[in-house]
Amino acid sequence: MKRGKINIRIIVLGGAVVLLVAIMMLLMMLLMSYKSKVKSSNNDIKQANLPEQSETVASTSTPMPTSTPIVYQYKKVVIYKKKLASKHSITNYHSYGNRNVNMKVAGEIINGEDKKGYTLQPGETFSWLKVVGNTTAKKGFKSATVIVNGDFVDGMGGGVCQVASTINSAAIEAGLKTISEPHSESVGYLGPNDHEATVTYDGGKDLKVINTKKVPIRIKVITKGQTVTVKVFKLIKKVKKVKITADISEQ
């Protein structure tokens, strides 16, 4: 009887221990759950207090440079296109050193510093005595054979009449009006298609070319050894559109 009571006590005591252990485990689980929630809540608070990453990047980034747009504009430019009106050449096979030099110097004076040639506007007149003038050593002319009162003698600028005759011939072939005088003695280098012109500064003999056309005319002299070639061009006016750029900030 006593042994049976003891066994019952042992069973009751064991059950109480098991229940106590279960209660303690439940309490530990609740405590761990509570700590986890507290930790999660603290992390949320910390994240809320931190500045956003995008704001930090925005405050430290350098803005990209922007290019200024280019605006294209057009302007009208007047240009002149050359059209050959005539070409004439005269060769003197008996020409030599100084005479050839004088022809070259005269041609260079007529062509001008830009070497493009002498331009005549409509109604204007080319005058040899005004353009070339006196054939002096200062201009580069040298002594060569000239004709004076029918005699062949040495004088400054000998040979320039070949240039004058070539200009006269080319101008007439281009349909221009000319005023010229012949030599006092015939010259052997002129052919049947050449138009003679003598020029003397002291004697006042001039060659004049009058532009009777409605467009500008250009006279170009080319000398090569014993040969003088003159080209007469018509200058045809053209209006061309040229593209230019302008900064939009200037608009």
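The values are calculated or read from the model by the stated rules, or taken from the named source; none is laboratory data. Quantities reported herein were computed from a predicted structural model and do not represent experimental measurements. In this analysis, Cβ positions are derived from the backbone assuming ideal geometry, glycine residues included, and neighbour counts consider all displayed protein chains.
Quick notes
- Looking at 154, 202, just one residue is touching a strand residue (DSSP E or B) at 6+ places or on another chain (Cβ under 7 Å), over 21 Å from residue 90 (Cα atoms) and either at pLDDT below 95 or among the basic types (Lys, Arg) (or both), and that residue is 154.
- With respect to the conditions (1) assigned to a strand (DSSP E or B); (2) under 15 Å from residue 85 (Cα atoms), residue 167 falls short on a single one, namely (1).
- Of 133, 157, all but one fail to be under 30 Å from residue 83 (Cα atoms), of a type outside the set (A, V, I, L, M) and assigned by TED's automatic domain parsing to the domain that holds residue 87; the exception is 133.
- Of all residues in segment 95-137, those satisfying the criterion of being surrounded by 13 or more Cβ atoms within 10 Å (Cβ to Cβ), more than 17 Å from residue 197 (Cβ to Cβ) and among the hydrophobic types (A, V, I, L, M, F, W, C) are 101, 105.
- Candidate set from segment 164-212 (those that are among the acidic types (Asp, Glu) and within 26 Å of residue 144 (Cα to Cα)); member that is surrounded by the fewest Cβ atoms within 10 Å (Cβ to Cβ): 202
- Output for segment 217-237, where each listed residue is buried (at least 18 other Cβ atoms within 10 Å of the Cβ) and either touching a His at 6+ places or on another chain (Cβ under 7 Å) or under 17 Å from residue 79 (Cβ atoms) (or both): 217, 218, 230, 233, 234, 235
- Filter pass, residue 180 being over 13 Å from residue 160 (Cα atoms), polar (S, T, N, Q) and at pLDDT below 95: no
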